[in-house]
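The values are calculated or read from the model by the stated rules, or taken from the named source; none is laboratory data. Just so it is clear, the structure is predicted and the values come from calculations on it, not from any experiment. Ideal geometry is used to build each Cβ from the backbone, glycine not excepted, and the neighbour counts take in all protein chains shown. With ligands, DNA and RNA removed, areas are computed over all heavy atoms of the protein, side chains included. Shrake-Rupley method; radii C 1.70, N 1.55, O 1.52, S 1.80 Å.
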Amino acid sequence: MSSNSKIRVIPHRGMRQIGGVCTEIATDEARIMFDFGSPLEGEGDQNPLDIEGVTKGAVDCDAVFLTHYHGDHVGEIPNIKAGIPVYMQKTARRILQAQQEHKQCLGQEVWAPGVKELEYSVPVIIKDLTITPIESDHSAIDSLMFLVEGHGKRILLTGDYRMHGFHNERMEKTFREIGHIDLMITEGTNLTKDYKGAYKSEKDVEAKFKEIKDKYKYVFLFTSSSNIDRIAAFSRQVPSGQYVITDNYQKRLQEIADEERENKYKSHKVLCYGDNLDAKMNAWGFGMVIRSGDKFYQIVKEYFEKYPDDTILIYSMWSGYKSIPEVKKILDIAPRQETVHVSGHITKEDLKYVIETVSPEKLLVHHMQTWYEKETKIDLFTAVEQLELYDGGTVEISF
Ligand SMILES: [Zn+2]
Ligand SMILES: [Zn+2]
């Protein structure tokens with residue numbers, strides 16, 4: 001091994017935008033991509049990733065590892081060349097497949113069946129690099145961090161994560177016990193936002209669900225279908241004797257998730273809405289998980305008209321989505337509503353804590369809105385060397 005050997009880290013996209021993340025980690029032998037996402041609508045560089053050996057030319061890439069199933073991390077996978085293996089956590093892969101099959105009618109490509117499944121903490125060795133998937137916590141279930149090791153060097157790639165989900169204790173333990181890290185690549189979604197929400201954690205959100213369900217007979221939860229932990233928490237707070245109702249698609253997602261879940265995080269029995277349930281729904285009350293669209297719109301409208309005093313809608317997504325026309329359409333017919341939500345991303349305070357705990361040799365923050373001011377940087381991460389890099393730049397770690 002020559003003395004000038006290096007591990008190279010190249011963020012292809014995502015240094016100064018949230019969506020469309022893709023990070024390369026390579027040696028002279030191995031070349032691996034982490035995430036291959038689509039940009040968020042209207043945010044940052046909108047051009048598809050265009051990488052020699054990955055999306056064009058002769059194949060020169062050993063694998064693509066995906067942290068989780070959100071589109072800003074997986075959306076451009078159909079553009080990679082055939083023959084490059086893609087890896088993902090196994091339950092997350094099954095969720096992604098169900099999503100793709102559901103959206104097939106909208107022209108979504110179903111590529112998830114070809115993805116190789118990862119087990120937590122079981123390393124994959126690719127030439128001179130070892131990639132270990134670590135269980136994380138995010139608003140997409142079964143999301144991963146990756147520890148990449150080779151030639152005595154260790155890189156931690158966090159993916160999207162937070163310290164206020166249901167698995168905060170496990171997250172703390174992971175960071176405390178991770179050992180020496182030469183380079184930490186972390187998301188910084190909330191670095192440019194001051195979090196002002198009323199709720200601090202998923203547990204607070206679940207407690208609020210209970211409080212609301214105790215008070216109201218007919219409760220609608222308006223949330224993202226992929227926020228499966230949140231939906232499971234809501235279902236757990238619907239008292240026995242009342243139905244948890246949604247449509248076939250959401251029911252299927254909850255069932256896939258529950259196959260490998262600890263009992264305390266499983267959903268309550270979820271039923272698919274049908275006319276045959278109407279009489280019992282009326283008589284006993286319910287908790288219903290809804291999305292935008294006509295089917296749910298009609299049911300929400302009907303209950304608010306028939307039982308205005310006993311009906312409430314819980315809005316449980318980022319407040320920015322409230323202006324989307326299909327979302328607004330449902331909110332407009334719900335005279336009683338309450339917003340109950342926490343971010344899927346780590347807060348600024350927690351990020352500072354995590355960086356101090358891991359204490360990496362070098363730090364790279366990506367997946368954030370804009371490059372923040374130097375003063376903020378000093379305030380947040382005093383003891384760690386933070387790299388300033390643009391998309392396409394390279395960090396070299398010598399070994
Ligand atoms: Zn995400
Ligand atoms: Zn993301």
Quiz item: Given only helices, namely DSSP H runs of n ≥ 4 each adding -39500 (n - 2.57), what is the per-residue ellipticity at 222 nm of the chain, to the nearest 500 deg cm²/dmol?
Solution: -7500 deg cm²/dmol
Quiz item: In region 1-45, what GluC sites (Glu not before Pro) fall in a loop by DSSP, with at most 14 other Cβ atoms inside 10 Å?
Solution: Glu29, Glu41, Glu43
Practice problem: Using every Cα-Cα pair within region 202-339, state what percent have a distance larger than 18 Å. | Solution: 51
Quiz item: Over the heavy atoms of His102, what accessible area does a 1.4 Å probe trace out, to the nearest 10 Å²?
Solution: 80
Quiz item: Using θ = phi - 60° and the Karplus form 6.51 cos²θ - 1.76 cosθ + 1.60, what ³J(HN,Hα) does each residue of region 199-205 get, whole Hz, x for Gly and Pro?
Solution: 10, 9, 8, 4, 5, 4, 4
Exercise. Search the structure for amide H atoms under 5 Å from the amide H of Gln89, placed 1.01 Å from N in the peptide plane, and list their residues when 5 or more places away or on another chain.
Key: Leu118
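Normalised by the number of residues in the chain, what is the relative contact order in percent for Cα pairs under 8 Å and 6+ residues apart?
Once divided by the residue count of the chain, the mean separation gives 20 percent.
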Quiz item: Counting only residues 5 or more places away or on other chains, whose amide H sits under 5 Å from the amide H of Gln337 once H atoms are built in the peptide plane?
Solution: Leu313
Exercise. Find the centroid of the Cα atoms in region 118-164 and in region 168-242, then give the distance between the two in whole Å.
Key: 21
Self-check item: Relative contact order (%) - region 125-258, alpha-carbon pairs under 8 angstrom, separation at least six
Solution: 19
Quiz item: Tell me, what ³J(HN,Hα) does each residue in region 235-248 have, in order and in whole Hz, if you take phi through Karplus 6.51 cos²θ - 1.76 cosθ + 1.60 with θ = phi - 60° and put x for Gly and Pro?
Solution: 4, 5, 9, 8, x, 5, x, 10, 8, 9, 10, 7, 9, 4
Quiz item: Which distance in Å, rounded to a whole number, links the C-alpha centroids of region 54-85 and region 3-48?
Solution: 11
Self-check item: Rounded, prolate or oblate (a/c below 1.5 giving rounded, otherwise prolate when a/b exceeds b/c) for region 23-97 by Cα gyration tensor
Solution: oblate
Practice problem: Mind listing the long-range amide H neighbours of Arg154? Cut-off is under 5 Å, sequence gap 5 or more, other chains count too, H placed in the peptide plane at 1.01 Å from N. | Solution: Asp182, Leu183
Practice problem: Compute the label zone of Asp45 within region 7-38: residues whose backbone N is under 15 Å from the point 7 Å along Cα-to-Cβ. | Solution: 9-25, 34-38
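Which percent, nearest 5, of DSSP beta bridges in the chain are antiparallel?
Values: 27 of 65 bridges.
Roughly 40 percent of the beta bridges in the chain run antiparallel, per DSSP.
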Quiz prompt | Rounded to the nearest 10 Å², the accessible area of Arg8 at probe 1.4 Å | solution = 70
Self-check item: Cα→Cβ-extended label distance, 7 Å offset, between Glu361 and Tyr249, nm
Solution: 4.7
Quiz item: Once the whole set of protein chains is in place, how much accessible area is left on Cys105, using a 1.4 Å probe, in Å² to the nearest 10?
Solution: 120
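Return a whole-number percent for the relative contact order of region 202-339, with Cα pairs under 8 Å and 6 or more residues apart as the contact set.
Numbers: 188 pairs, mean separation 45.0, N = 138.
Relative contact order comes out at 33 percent.
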Quiz prompt | Pairs of alpha carbons in the chain whose separation is greater than 33 Å (percent) | solution = 34
Exercise. With θ set to phi - 60°, apply the Karplus curve 6.51 cos²θ - 1.76 cosθ + 1.60 along region 329-343 and write out the HN-Hα couplings as whole Hz, x wherever there is a Gly or Pro.
Key: 4, 6, 4, 5, 9, 10, x, 10, 9, 9, 8, 10, 7, 10, 5
Quiz item: Straight-line reach from Lys81: which lysines have a Cα under 25 Å away, not including same-chain ones fewer than 8 places off?
Solution: Lys56, Lys90, Lys103, Lys116, Lys127
Exercise. Using only Cα atoms, tell me the angle between helix 348-358 and the longest principal axis of the chain; keep it within 0 to 90° and round to the nearest 10.
Key: 40
Self-check item: Contour excess over end-to-end distance, with Cα ends at Asn282 and Asp214 and 0.36 nm allotted per residue
Solution: 22.9 nm
